[in-house]
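So the structure is just underneath, and the comments pick up after that.
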Amino acid sequence: LTDADARPLPTGAPGVFCYPEAFEQLLAELRTAIAALAADEPFQRLAVPPVIARSTLERAGYVASFPQLVGTVHSYAGTPREWAALAPLVVTGGDWHAHQRIGDLVLLPAACYPVYASLAGRELTSPVRFAVEASCFRQEVTSETGRLRSFRMAELVTAGDEAHCLAWRDRWLDRVGDWLTGCSLKPVVEVADDPFFGATAKLYQAAQRAQQLKYELRVELADGLVQAVASANVHRDHFGEAFGFTSAGAPGQTACTAFGLERIALALLHAHGPHPRRWPAAVRAAVGAPAGADR
Ligand code: AMP
Ligand code: ZN
């Protein structure tokens, strides 16, 4: 445990940072706090890799809705002979990637997608619950504080019927709001929408807002810069339809509560200073630091 400055270090790539030990310590504490919030529900914990089958993301509707954010994974598909011609271009700065071909994997944009895919074919006789975390990638075009391209997302996910998903989402929205308030972060809760792309974007966003599918908890990350640190979502039967799972004979419904771990940490560093171990004891306890950690 160190009393060092926890602030992330830029890498030269916009939206990509390196994280000092003190920052990672804070993330570990946040995981503990989130687990404590979730302790009274039987979540199944899953570690999720940072890639997902391209077919799964296509089937989930993500590619059609957010093509601008998807990071694809390409690899070399040519012959050794062809490579001999391309290899010099790596050094000279030419188009060495002319023979790269898209593969069966893409970068994971949110931690919950593999969960919905895993439910394919199931009839849910009672609600299921998962707690997941993954490194996520989104090809963001701006890079203000907290807008990262590579970031870690913890999610609580459930599937069941409509009444369960709505009540669960509302309960988690309250719970996360209370937790952030306990961390002295003054969260503002707002109906939100996702960054749909293209001609139909406004239509989809308006529908999403009208149905109140997405709520965000927004907090200041830098002077005058407020960003969502968490979201609480219902998806109605979107994923039940896409992946073929049911509840009471109807397409299954789903909900998720997502925590942007770097954003929560950055908001805390902004509010309380760059040295977590010097924060007020009540804040340290709320963020999940073990008792006596700062002695
Ligand atoms: P979303 O699926 O967009 O609701 O994202 C869930 C949470 O992940 C958000 O509330 C943020 O805290 C976090 N998040 C989303 N996009 C980014 C990003 N580009 N950089 C850092 N955190 C993000
Ligand atoms: Zn989610």
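General observations
- Any hit, region 174-182, residues being within 19 Å of the chain's Cα centre (by Cα), in contact (Cβ under 8 Å) with a residue 24 or more places away in the chain and either within 14 Å of ligand 2 (Cβ to nearest atom) or exposed (fewer than 14 other Cβ atoms within 10 Å of the Cβ) (or both): yes
- Test for residue 40: is it outside any loop (DSSP other than H, G, I, E, B), open to solvent by 70 Å² or more (accessible area, probe 1.4 Å) and among the charged types (D, E, K, R): no
- Residue that is surrounded by the fewest Cβ atoms within 10 Å (Cβ to Cβ) [pool: residues in region 147-170 that are under 18 Å from residue 219 (Cβ atoms) and more than 16 Å from ligand 2 (Cβ to nearest atom)]: 147
- Among (1) in contact (Cβ under 8 Å) with a residue 40 or more places away in the chain; (2) farther than 21 Å from residue 224 by Cα; (3) not polar (S, T, N, Q) - the single one residue 263 does not satisfy: (2)
- Filter result for the condition that a residue is in contact (Cβ under 8 Å) with a residue 24 or more places away in the chain, hydroxyl-bearing (Ser, Thr, Tyr) and assigned to a strand (DSSP E or B), over 75, 55: 75
- Condition check for residue 42: more than 16 Å from residue 137 (Cβ to Cβ) and touching a helix residue (DSSP H, G or I) at 6+ places or on another chain (Cβ under 7 Å): no
- Residue that is of a type outside the set (Lys, Arg) and open to solvent by 40 Å² or more (accessible area, probe 1.4 Å), where the choices are 262, 241: 241
- Exactly one residue out of 254, 246 is farther than 25 Å from residue 149 by Cα and within 16 Å of ligand 1 (Cβ to nearest atom): that is 254.
- Residue in region 63-96 that is farthest from residue 240 (Cα to Cα), counting only those that are touching a Phe, Trp or Tyr at 6+ places or on another chain (Cβ under 8 Å) and open to solvent by 40 Å² or more (accessible area, probe 1.4 Å): 89
The values are calculated or read from the model by the stated rules, or taken from the named source; none is laboratory data. Owing to the predicted nature of the structure, the values given are computational and were not obtained by experimental measurement. With ideal geometry, Cβ positions are generated from the backbone for all residues, glycine too; neighbour counts draw on all protein chains shown. Side chains included, ligands, DNA and RNA excluded: accessible areas come from the protein's heavy atoms. Shrake-Rupley method; radii C 1.70, N 1.55, O 1.52, S 1.80 Å.
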